[in-house]
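Beneath this line is the structure, given in structure tokens, with notes to follow.
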Amino acid sequence: MRLHKRISRRLDVLDAAVAPDDINLHGFSFHALRGHKTTRYSVHINGPWCITFEFHDGNARSVSLEQYHWEAILTRNPDRCPTHPGELLREDLIPATRQSKTEIARMLGISRQHLCHILAERKPVTAGTAVRLAKLFGNASLVWIRMQGEHDAWHAARRVDVSDIPTLGEDGHKLIPRT
């Protein structure tokens, strides 16, 4: 289960990334693979396991879970809640830095309490916090915003009743559902 959660968190970062370097985070052991015509990249999971992928037009493509000679094609299960950025910080990034939460909060210029609320997934990563996290971890702020947005949208889709809202066609008129 722990390996599954780690894979899920890395896939969610990969899904939110807009460039290969956005995945170059502490503890991910990100690197380009040699000997491939198209540039392929890898991030470490645990032991011999890694996720490999290519990057085209701002999106990860040909994503695979690999263990030496074994490979599987990976996609996120739409029924699984996307990773909250706080979980990624709490489980992977902050431990990899070997810094205390107090020190991370100080470097980010936010209170320790605010950081702890994000880590406990009680607060979202705002655009301002995303900019700070991107600077600290060397990736794009959009990664953090996209991760938070995916997480929030997944919950909203299950919580908000839209059954009385019509869907408009291209001409602006209400579409009549087919029976």
Check your understanding: So, in segment 116-173, of the ones that are assigned to a loop (DSSP other than H, G, I, E, B) and among the hydroxyl-bearing types (Ser, Thr, Tyr), which residue ends up nearest to the chain's Cα centre (by Cα)?
Key -> Thr126
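Does Arg178 qualify as being loosely packed, with under 12 Cβ neighbours inside 10 Å, modelled with pLDDT of 95 or more and part of a loop (DSSP other than H, G, I, E, B)?
no
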Review point. At pLDDT 95 or above and surrounded by 15 or more Cβ atoms within 10 Å (Cβ to Cβ), is that true of Lys123?
Key: yes
Review point. Out of segment 3-18, which residues are touching a helix residue (DSSP H, G or I) at 6+ places or on another chain (Cβ under 9 Å) and either aromatic (Phe, Trp, Tyr) or without any contact (Cβ under 8 Å) to a residue 12 or more places away in the chain (or both)?
Key: none
Study note, to complete from the structure: Note on segment 19-42: residues under 17 Å from the mean Cα position of the chain (by Cα) and either free of Cβ contacts under 8 Å to residues at least 12 places away in the same chain or closer than 19 Å to His84 by Cβ (or both) are Asp22, Ile23, Leu25, His26, Gly27, Phe28
**Study point:** All strands (runs of 3 or more DSSP E) inside segment 1-85 with 2 or more residues being farther than 24 Å from Arg158 by Cβ and modelled with pLDDT of 90 or more
**Key:** 40-46, 49-56
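The values are calculated or read from the model by the stated rules, or taken from the named source; none is laboratory data. Keep in mind that what you see is a predicted model, and the values were worked out from it rather than measured. Quick reminder, even Gly has a Cβ in these numbers, built from the backbone with ideal geometry, and neighbours come from all protein chains shown.
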